[in-house]
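Have a look at the structure below before the remarks.
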Amino acid sequence: MAKYDEKMRIPDLPFDVHRELIDELSRDLGWIVLARYIADEYDIFSLSWMNDFEREQNPLDSRRQIQKLFDELDKRLCNVGNLCILLENCELLNALSVLCYPEPLTIVKQPKSELGKDNAMIAPHKGITLSCKATSLPPPQYLWYHNNVELENETNGDLNIVVTSTTQEGEYKCQVMQRDRDGYLMRQLFSDTFYLKIKPLPVVIIEQPREYIEVKEGGTLILTCKAIGHPEPRYQWFRDNILLNGQDSIELRINDFSVQDEDVYRCYIVNEISSLYSNSTTVKMEQTRCKAVAKVALLIANSDYTNFDPVKKAKNDAALIARLLEDIGFNVICLSNLTVNQMRNAINIFCKLLSEGVYGLFYFAGHGFNMQDNYMLAVDSPKKYLRTDAICDSQLLAMAHLETDPTLLVVILDMCLIVPSRDDNPEIHKEIPIIYEYKSKKNRRNLIRAYSTSRHCPSYERKANDFGLYVTHLSKYIKSTVPVTKMFKQVQISLEKTLKGRERDQIPQLTSIVVKPYRLTDMINEGYSSTAIKSLSTLITFPTRTILQTFTRLGVECKITVGSFELPYLNIVRIAVAHVNNYEVSFRNRFPTDPNNLYSFPGKNECILYNPQTSKGRVIISICRNGNELETIEFNMNDYIPCLLHELEQACGV
């Protein structure tokens, strides 16, 4: 009901009422809403008048425009009663409350009205809209609550809920308030309660406890496992499958840790619809970290065989492991495609570096076989090979301990261990093998042997992968800080999870007599190293060198660059010739090799030499035109390749 005579002219309203009415219409551009409504419904204002009318946007201009609007309405005999109707139709209720008496607060729509029930179950990431509508004058204000906690910025009649967390489950209700013109609370009501349920979710572990952890004596063991699900997951920790009383939270905590607390721990997580076990954690007492005097690795990748199929991933595998070992402080010797004599000499060089305090690692990728022992095949192995044509791991171990006694020796053989067929190779079954003795002088607890597969079993590669199966998983863990035996067990477990079909015939094997917690990542004690270790850098240094060379008769002064073609391999060398004007360059060995070890690239003026020491250091470089040699020089590489390569040919094999 209007406070004033409905037939009263608008200009006759009391001054303070007139001003308050203008103030309300100025808020949120309510006067434009009113003007547009009048223009659309009654067609009494021209388009140009409306454009001029809306152009004014600042508060002072708004007041003038509202007054102008009132004047236009007055000219058209619009009285207070008509204005009240217009304001109500435009839902400009705050302005209407200036002219009318208060009307009681009433909730006309409850949150459950549209659903017909006071609860709903919603799946995660789905949504629902709850609505509450009330009538009153002055108009009602809304405030939503969740479990009796005010929801920030939810101040209109519609509450849009998108389920992103299980914490959104619970009771929702709306508080409706009526305030007078001065802001004082006149009345308030609460809607009916609506209960939102979230559909159950199975347990999903989002944070696993660490697989391995060491704790100082007297310290605190803390393991954490976090999971999500609905209803909220419950936790229970176990030690070696024995329930731990009181350990029923996200965090397992054991104070004053001692050796008696060493064991395997895991967590059981459950809710009303599912359950899971976490990964197991091996917990050990922290011991003083070991230090190495030096760390040395020899890696041999035999991929291109004279009489057998290539081992396509061998070079990639050895190169990857070499780079990872360099990252953790190893001095690395990495070689490719060695003959049996070169392999023996390389092993001999390696073993001379293995003195007390040294960590040594040997890795071989290529063809292999098993006959009472595990044998590595060189690239020049005959079709019907004997054990004397190969090198077995017992021979390697005998060489490693004959004169020296390293602190740690890790041998990794990444090869098949199938027994040669009696039909295809009967002679090897008649051969009397050589027995190699393992003669450690002092350290009998320093050896770890890891095999990519077990005896009588194959080792696989996948065509689509860059690396063999074993190295794919070894590379994940080789830089880890866990003891080396634990590291290889992690590799076994990781590989086992991925094997498919015939690949399951590949069964990684590990043997260890190590008792101390050696790690490949152990620090190096810089205070001491043997003479052999000190000379190692001289053996393997291979900088890229550029030499000026003149072809005298043609008057061509060129640059010859010698360097590694494929790091980290020391025995694959690139020779490139530059600044030869418009001439072509060709390359050939001064002394032919069998098999050929020199490959050139037409148009590139460069060549690649595999095991360049077999060429006796002499390469013929020719300047050509149209395929005809015009002038040649004999280039001596001996001064530019690693010294170690010369020793591969000169040292005596064992």
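Out of Asp309, Asp304, Asp317, I need the residue that is assigned to a helix (DSSP H, G or I) and closer than 30 Å to Asn341 by Cα. Which one? Reasoning before the result, please.
Working: Asp309 fails: assigned to a helix (DSSP H, G or I); Asp304 fails: assigned to a helix (DSSP H, G or I).
Result: Asp317 is the single residue among Asp309, Asp304, Asp317 that is assigned to a helix (DSSP H, G or I) and closer than 30 Å to Asn341 by Cα.
What residue, among those in region 566-582 that are part of a loop (DSSP other than H, G, I, E, B) and buried (at least 18 other Cβ atoms within 10 Å of the Cβ), is modelled with the lowest pLDDT?
First pass over region 566-582, keeping only residues part of a loop (DSSP other than H, G, I, E, B): 566-571, 579-582.
After this cut, where a residue has to be buried (at least 18 other Cβ atoms within 10 Å of the Cβ) as well, the list is 568-571, 580.
Details: Pro568: 94, Tyr569: 95, Leu570: 95, Asn571: 93, Val580: 87.
Selected residue: Val580.
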Point to revise | Which numbered condition Leu221 misses (of (1) farther than 30 Å from Glu566 by Cα; (2) aliphatic (A, V, I, L, M); (3) touching a Ser or Thr at 6+ places or on another chain (Cβ under 8 Å)) | key: (3)
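Show me the strands (runs of 3 or more DSSP E) found entirely inside region 359-451 where at least 2 residues are at pLDDT 95 or above, buried (at least 24 other Cβ atoms within 10 Å of the Cβ) and over 35 Å from the mean Cα position of the chain (by Cα).
Values: elements: 368-371, 373-377, 390-392, 408-414, 447-451.
Correct list: 373-377.
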Study note, to complete from the structure: Scanning region 300-329 residue by residue, those without any contact (Cβ under 8 Å) to a residue 40 or more places away in the chain and within 30 Å of Glu526 (Cβ to Cβ) turn out to be none
Check your understanding: Among (1) at pLDDT 95 or above; (2) farther than 18 Å from Val215 by Cβ, where does Lys312 come up short?
Key -> (1)
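Within region 263-299, which residues are without any contact (Cβ under 8 Å) to a residue 60 or more places away in the chain, under 30 Å from the mean Cα position of the chain (by Cα) and either assigned by TED's automatic domain parsing to the domain that holds Ile493 or surrounded by fewer than 22 Cβ atoms within 10 Å (Cβ to Cβ) (or both)?
Residues satisfying the conditions are Asp263, Val264, Arg266, Tyr268, Tyr277.
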Practice item. With respect to Lys284, determine if the residue is touching a strand residue (DSSP E or B) at 6+ places or on another chain (Cβ under 8 Å) and part of a strand (DSSP E or B). Key: yes
**Study point:** Candidates Ile222, Ile228 - the one that is of a type in the set (A, V, I, L, M), farther than 18 Å from Val270 by Cα and part of a strand (DSSP E or B)
**Key:** Ile222
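Out of Ser191, Ser249, Ser165, I need the residue that is more than 30 Å from Gln490 (Cα to Cα) and free of Cβ contacts under 8 Å to residues at least 40 places away in the same chain. Which one?
On the way: Ser191 fails: free of Cβ contacts under 8 Å to residues at least 40 places away in the same chain; Ser249 fails: more than 30 Å from Gln490 (Cα to Cα).
Step by step, each of Ser191, Ser249, Ser165 is checked, and only Ser165 is more than 30 Å from Gln490 (Cα to Cα) and free of Cβ contacts under 8 Å to residues at least 40 places away in the same chain.
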Study note, to complete from the structure: The residue that is surrounded by the most Cβ atoms within 10 Å (Cβ to Cβ), considering only those in region 492-515 that are part of a loop (DSSP other than H, G, I, E, B) and polar (S, T, N, Q), is Gln506
Study note, to complete from the structure: Note on Tyr195: of the conditions (1) more than 30 Å from Glu91 (Cβ to Cβ); (2) among the hydroxyl-bearing types (Ser, Thr, Tyr); (3) modelled with pLDDT under 90, unmet is (3)
Revision key, fill the gap. Within region 158-189, the count of residues that are among the aromatic types (Phe, Trp, Tyr) and over 30 Å from Glu232 (Cα atoms) comes to 1
Practice item. Could you tell me which numbered condition Ser535 fails, if it satisfies all but one of (1) within 30 Å of Ile321 (Cβ to Cβ); (2) in contact with a strand residue (DSSP E or B) (Cβ under 9 Å, 6 or more places away or on another chain); (3) small (Gly, Ala, Ser)? Key: (2)
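The values are calculated or read from the model by the stated rules, or taken from the named source; none is laboratory data. This structure is a prediction, so every number in the text was calculated from the model and none was measured. Heads up, the Cβs are rebuilt from the backbone with ideal geometry, glycines too, and the neighbour counts pull from every protein chain shown.
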